[in-house]
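Values in this text are rule-based calculations from the coordinates and carry no lab data. Everything numeric here is computed off the predicted structure, so don't read it as measured data. Glycine also receives a Cβ, built like all others from the backbone with ideal geometry; neighbour counts cover every protein chain displayed.
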Amino acid sequence: MPEAAAGTAFAAIAVGGASGWFAAVQYWVAACGVALALIDLAVQRLPDVLTLPACGGTLVLLTAAALASEPGSLGRAAAGAAVLTAVFLPMVFAGAMGFGDAKFAPAIGALLGWSSWTVLFWGAAAGFVVGAVSEVVRMAAGRARRTHVSFGPYMVIGALAVSVTAS
């Protein structure tokens with residue numbers, strides 16, 4: 001299962017056509033995101049041992065993209081990381097989201113923010129839409145096993161889908 005998920009994500013990124021350091025960022029977020037998504041599905045947690053390197057690696061690779069003068073904005077990526085985290089944190093304290101989701105938000109926000117504010121908005125929104133549709137389908141099929149929804153997989157799917165199609 002992990003290999004198939006990673007292979008699918010990597011194939012989608014390759015088809016998307018990004019190159020250079022920004023493609024490396026997409027692959028990095030996909031690699032970290034697949035591991036985080038599978039862990040989240042299994043134990044409803046996004047562990048620090050993966051969320052923190054995901055964020056750090058994303059920012060390092062985007063800095064390399066900026067130094068290589070690739071299209072995008074490092075400042076907007078940093079702001080996107082801060083904005084998405086600021087959006088997720090109140091949901092954590094309201095009990096609507098786990099703290100791991102908020103710790104993974106800077107990586108997702110930076111990836112999406114690099115391209116544009118529009119990509120950031122749609123990439124973040126896509127996670128919620130994919131999650132809602134998936135959970136409604138699971139409920140209709142009688143497969144909803146608990147009230148807690150693992151949001152990490154939907155964050156990754158939504159962000160990568162929008163990032164890949166926007167690049």
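Go ahead and estimate [θ] at 222 nm for the chain from helices alone: -39,500 (n - 2.57) per DSSP H run with n ≥ 4, summed, over the residue count, rounded to 500. Mean residue ellipticity, 222 nm, calculated: -27500 deg cm²/dmol. Note on region 2-166: with charges restricted to the Cβ of Lys and Arg (+1) and Asp and Glu (-1), its dipole about the Cα centre is near 340 debye. Taking springs between alpha-carbon atoms closer than 10 angstrom, which of LEU120, LEU59, LEU67 fluctuates most in the Gaussian network model of the chain? So, out of LEU120, LEU59, LEU67, the one fluctuating most is LEU67. With semi-axes √(5λ) of the Cα gyration tensor in Å as the read-out, I listed (1) 42, 17, 11; (2) 25, 17, 14; (3) 30, 22, 19; which label goes with the value calculated from this structure? Correct label is (2). Under 5 Å from the amide H of VAL149 lies no amide H of any residue 5 or more positions distant or on a separate chain, with H modelled from the backbone and absent for Pro and chain starts.
Between the helical axis of 152-166 and the longest alpha-carbon principal axis of the chain there is an angle of about 40 degrees. Stretching the chain fully between LEU89 and ALA11 yields a gain of 24.9 nm (0.36 nm per residue, less the alpha carbon separation). For the chain, the longest principal axis of the Cα atoms and the long axis of helix 48-67 meet at an angle of about 30 degrees. Potential lengthening of the chain between GLU3 and THR118 amounts to 38.3 nm, from the contour at 0.36 nm per residue minus the alpha-carbon distance. When each of GLU3, GLU70 is scored by the number of other beta-carbon atoms lying within 10 Å, the sequence from fewest to most is GLU3, GLU70. Once the C-beta distance of VAL129 and ALA82 is scaled by a Förster radius of 25 Å, the resulting FRET efficiency is 0.60 to the nearest 0.05. For the chain, the longest principal axis of the Cα atoms and the long axis of helix 20-43 meet at an angle of about 20 degrees. The longest stretch of the chain left intact once loop-based trypsin sites (Lys or Arg not before Pro) with at most 11 other Cβ atoms within 10 Å are removed from consideration, loops following DSSP, is 1-142. Would you compute the Debye intensity of region 119-167 from its alpha-carbon atoms alone, equal scatterers and no solvent, and pass along log10 I(q)/I(0) at q = 0.18, 0.29 Å⁻¹ to two decimals? Computed log10 I(q)/I(0) values: -0.55, -0.99.
Exposure proxy ranking for MET91, MET97, MET155, based on other Cβ atoms within 10 angstrom of each Cβ and starting from the fewest, stands as MET91, MET97, MET155.
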